[in-house]
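Undergrad: I have a structure I would like to understand better, so I am pasting it below and will then ask my questions one at a time.
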Amino acid sequence: MNALLLLLLAATSLAAEPLAAESLAAEPTLVDVAADVGLDFRHQDGRSGRRYFIETVASGGGFFDFDGDGDLDIYLLNGAATPGSKLTRAPRNALFENRDGRFVEVGARAGVADDGYGMGLCVGDADGDGHLDLFVTNVGQDRLYRGLGGGRFEEVSARTGVDGGEQWSVGCAFGDVDGDSDLDLYVSRYVAFSYEDHPRCVDRARKLDYYCHPTRFPGRPDALFINDGGGVFRDLAAERGISRETSEKGLGVALADFDVDGDLDLYVANDGTPNRLYLNDGHGRFEDVSLLSGASLGEAGEPLAGMGVALGDLDGDGLSDLVVTNFSLEPNSLYKNLGEGLFDDRTRASGLHAASYRRLGWGVELFDADNDGDLDLAVANGHVMDNIERFVPGVSYAQPDQLFLGDGAGHFREAKASGISNPAAVSRGLASGDFNGDGRIDLLVTRTGGRPALLENRTASSHHWISLELVGPAHNRQAIGARVELQAGERTQVREVRSGGSVLSQSDLRPHFGLGTFLGEVEVRIRWPDGSRQTARTRELDRSWKIVYPSP
């Protein structure tokens, strides 16, 4: 690409026409109904007062259909006892089965009530048998739960090669990175941790202990597990071009086709070192284009404390833009995708800079809150230092989460505080999905040391919508990695089916499209994970539409 073209692309503003017709929806309203629908869970991080660093990150959760009955169930991760903890019973992860919009805990019965120190999750069919499998990241051994059907799982991490030993794993995502039809697995690793060598951090002037900064701990290289075709994996990160730097501290992970060349690329948010963007050569070998891409540093050219990752086409040009959450006194970042692996930092122009500057962002989701056809943005906030108020005036430990409304041109405004049931809390994970099937996307927010929030979307709107249930090819029936373009009149929206994402979280795999006031025929163009293409049309809106991979 010549220099003149690069300058022209960089100068392109996000002032495209909005994707949707003028909105007739009220301000989005999301109400916490966790207690009302039986989501009875309290996270325990096992803290003993010794401020072990692992307590600052835990724990996430997400939506997925574990029993194949068509509705979304909820998985929530828990912590574990630490030395000196007063916990008398081992906390366990919980799986809540969705029964007509109410939830019943079935984790032990399903075989997924792990008692490790839980971090995050992602889902995908690792062995190609048609059943979703569940991968859980931990401090210590990770867990791969193989789906057996009928809502039951078998723990197989050791024999499949993905247990991770004593690493501290955080983010994960399944995807076919080498084009051989089976799903591979990427796992981000945070820092080296042990109870025995844990530092104590003290402000002697204030006579205060505090949670140590990540710079006190060495980082760990991430893992890229390549599937041999039968659900057994080998970590080939070094051979495939993934950085082996031990200074990096990986958190959020996204597998997506950033350059729209038909294969899955990789983005990793690192805490305190440059974020990584790897472009795939189509055969599962990656080129590190991080520093050249424009999406690895802050607006002043400095590394930020990257946490969560969300991606979506914010301006209707067919390219996946990036939002990355960062530490307090660092704004969350918005990188506009210019194509061919190049990005431009549009944080200030987007309206996110000032609104996020004093927050510490974790989970992040781009979704259509009011079905107007424009992607909106949700951010889960909460500090890592439980006494931060003593050190930084104006910054608090518990923080309100945030909802920003998009205009379809890459600009956001923060929704009114009254529009979301949102007391200040110490939030971590954030996932999106329509748990009650009413066509409005709901949010799940996890809180360290507290109860999760299930934010039911009650936005009053006459807007239309459609969601897609894609049934993919053999070995990948959930169609992870598929790219979908939906044409409604003059507007085109793009979604990808993605495993993992946000941070510590898994959102619904089914693509959802708000259509605004549009009434008419919609056309869907699908690029399936194997590269084959399919076009389908319908006039039946406000429903879930099942599309099956065409038989050869």
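The values are calculated or read from the model by the stated rules, or taken from the named source; none is laboratory data. All figures in this text were calculated on a predicted structure; none of them were measured in a lab. Here the Cβ is made from the backbone with ideal geometry for all residues, glycine too, and neighbour counts use every protein chain on show. Calculation scope for accessible area: heavy atoms of the full protein, side chains included, ligands and nucleic acids excluded. Shrake-Rupley method; radii C 1.70, N 1.55, O 1.52, S 1.80 Å.
Undergrad: Residue check, S169 against (1) at pLDDT below 95; (2) closer than 25 Å to L509 by Cβ, all met but one. Which one?
TA: (1)
Undergrad: Just to verify a result, which residue in segment 283-293, among those that are part of a loop (DSSP other than H, G, I, E, B) and either open to solvent by less than 30 Å² (accessible area, probe 1.4 Å) or acidic (D, E) (or both), is nearest to S356 (Cα to Cα)?
TA: V289
Undergrad: Further question on the same structure: Could you list, in sequence order, the residues of segment 336-383 that are farther than 26 Å from Q493 by Cβ, out of contact with any Pro (no Cβ under 9 Å at 6 or more places or on another chain) and either of a type in the set (V, I, T) or open to solvent by 30 Å² or more (accessible area, probe 1.4 Å) (or both)?
TA: Within segment 336-383, just R358 meets the criteria.
Undergrad: Being among the small types (G, A, S), assigned to a loop (DSSP other than H, G, I, E, B) and open to solvent by less than 20 Å² (accessible area, probe 1.4 Å) is the filter; apply it to segment 316-335 and report the residue that is farthest from E490 (Cα to Cα).
TA: S328
Undergrad: Further question on the same structure: Residues in segment 78-112 that are open to solvent by 20 Å² or more (accessible area, probe 1.4 Å), among the aliphatic types (A, V, I, L, M) and farther than 22 Å from D32 by Cα: how many?
TA: Within segment 78-112, residues that are open to solvent by 20 Å² or more (accessible area, probe 1.4 Å), among the aliphatic types (A, V, I, L, M) and farther than 22 Å from D32 by Cα number 4.
Undergrad: Which of the residues that make up segment 376-390 are assigned to a loop (DSSP other than H, G, I, E, B) and touching a strand residue (DSSP E or B) at 6+ places or on another chain (Cβ under 7 Å)?
TA: Of everything in segment 376-390, those that are assigned to a loop (DSSP other than H, G, I, E, B) and touching a strand residue (DSSP E or B) at 6+ places or on another chain (Cβ under 7 Å) turn out to be G382, H383, M385, N387.
Undergrad: Tell me, please, whether a residue that is part of a loop (DSSP other than H, G, I, E, B) and more than 14 Å from the chain's Cα centre (by Cα) can be found in segment 483-496.
TA: Within segment 483-496, one or more residues are part of a loop (DSSP other than H, G, I, E, B) and more than 14 Å from the chain's Cα centre (by Cα).
Undergrad: Out of the residues in segment 449-467 that are more than 29 Å from S427 (Cβ to Cβ) and not β-branched (V, I, T), state the one that is most open to solvent (accessible area, probe 1.4 Å).
TA: Residue satisfying both the conditions and the ranking: S462.
Undergrad: A further question on this structure: Which condition breaks for G363 when tested against (1) modelled with pLDDT under 95; (2) in contact with a Lys or Arg (Cβ under 7 Å, 6 or more places away or on another chain)?
TA: Looking at each condition in turn, G363 falls short on (1).
Undergrad: Please specify each residue of segment 131-173 satisfying the condition of being within 23 Å of the chain's Cα centre (by Cα) and part of a loop (DSSP other than H, G, I, E, B).
TA: Across segment 131-173, the qualifying residues are H131, L132, G140, Q141, D142, V162, D163, G164, Q167.
Undergrad: Report every pair of residues separated by at least 6 positions or lying on different chains whose Cβ atoms are under 9 Å apart, first residue within segment 527-538 and on the phi > 0 side of the Ramachandran plot, second small (G, A, S).
TA: Listed pairs, sorted by first residue: G531/G179; G531/G262.
Undergrad: Among the residues of segment 76-89, are any in contact (Cβ under 8 Å) with a residue 40 or more places away in the chain, part of a strand (DSSP E or B) and among the hydroxyl-bearing types (S, T, Y)?
TA: No, segment 76-89 has no match at all.
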